[in-house]
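The structure appears right after this line, and notes come after that.
Just so you know, all these numbers are worked out from the coordinates, no wet-lab data involved. Predicted, not measured: the structure shown is a model, and the values here were computed from it. All Cβ positions, even for glycine, are placed from backbone atoms using ideal geometry, and neighbour counts span all protein chains on display.
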Amino acid sequence: MKENAVSTIDEYMLQFPIEIQTILTELRAFITKLVPEATQKISYQMPTFYLYGNLVHFAAHKNHIGFYPAPSAIEAFQEELSKYKWAKGSVQFPLKEPMPYDLIKKMVLFRVEENTNKYNAKQNQKKK
């Protein structure tokens, strides 16, 4: 990945070979369809979906797509993630394998619910 700072997701994706751009474009479209109300931005130099806070980030690497759904989602789906290399807040999906869209969907929707609940709790606190 180039070290140049990018300001849009489109700029970010254009840094990569067409095969990787295709995967990133499909992933972005998939998440957009799941959460059309989320905004998109670059955060931590990665494409980011934002809804009441950061939902998920993703990034292209030499041999994998990094997916960053926060530690809570990694913990919640630990068993399903066991076949992948993962860490506290990230998982690596190998480029040589199909993207696990069913699992990605579960993690994204988990994060939507988590962020929405946190937001609603804050709103309820303000009303008291």
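Kindly provide the set of residues from segment 62-85 that are surrounded by fewer than 18 Cβ atoms within 10 Å (Cβ to Cβ), under 28 Å from residue 15 (Cα atoms) and under 14 Å from the mean Cα position of the chain (by Cα), ordered by number.
If the condition is that a residue be surrounded by fewer than 18 Cβ atoms within 10 Å (Cβ to Cβ), under 28 Å from residue 15 (Cα atoms) and under 14 Å from the mean Cα position of the chain (by Cα), then 64, 66, 71 are the ones that fit.
Go through segment 54-84 and report how many residues are of a type in the set (A, V, I, L, M, F, W, C) and more than 17 Å from residue 35 (Cα to Cα). It would help to see each step written out before you state the result.
Here is the first cut: in segment 54-84, the ones of a type in the set (A, V, I, L, M, F, W, C) are 55-56, 58-60, 65, 67, 70, 73-74, 76-77, 81.
Subsequent filtering for residues that are more than 17 Å from residue 35 (Cα to Cα) retains 59-60, 65, 74, 76-77, 81.
The total comes to 7.
For segment 5-30, which positions are of a type outside the set (S, T, N, Q) and under 21 Å from residue 108 (Cβ atoms)?
Applying the first criterion (of a type outside the set (S, T, N, Q)) to segment 5-30 yields 5-6, 9-14, 16-20, 23-24, 26-30.
If the condition is that a residue be of a type outside the set (S, T, N, Q) and under 21 Å from residue 108 (Cβ atoms), then 9, 10, 12, 13, 20, 23, 24, 26, 27, 28, 29, 30 are the ones that fit.
Would you call residue 91 in contact with a Leu (Cβ under 7 Å, 6 or more places away or on another chain) and either in a helix (DSSP H, G or I) or of a type in the set (D, E, K, R) (or both)?
Working: in contact with a Leu (Cβ under 7 Å, 6 or more places away or on another chain): yes; either in a helix (DSSP H, G or I) or of a type in the set (D, E, K, R) (or both): no.
It is false that residue 91 is in contact with a Leu (Cβ under 7 Å, 6 or more places away or on another chain) and either in a helix (DSSP H, G or I) or of a type in the set (D, E, K, R) (or both).
Among 69, 100, which is the only one that is closer than 19 Å to residue 43 by Cα and free of Cβ contacts under 8 Å to residues at least 60 places away in the same chain?
On the way: 100 fails: closer than 19 Å to residue 43 by Cα.
Result of the check over 69, 100: 69.
Only residues that are more than 13 Å from residue 13 (Cβ to Cβ) and either exposed (fewer than 14 other Cβ atoms within 10 Å of the Cβ) or not aliphatic (A, V, I, L, M) (or both): list them for segment 24-44, please.
Step one: list which residues in segment 24-44 are more than 13 Å from residue 13 (Cβ to Cβ), which gives 30-39, 41, 43-44.
Correct list: 30, 32, 33, 36, 37, 39, 41, 43, 44.
Take the conditions assigned to a strand (DSSP E or B), out of contact with any Phe, Trp or Tyr (no Cβ under 6 Å at 6 or more places or on another chain), touching a residue at least 24 places away in the same chain (Cβ under 8 Å) and not polar (S, T, N, Q) and apply them to residue 58. Does it pass?
When the stated conditions are applied, residue 58 does not pass them.
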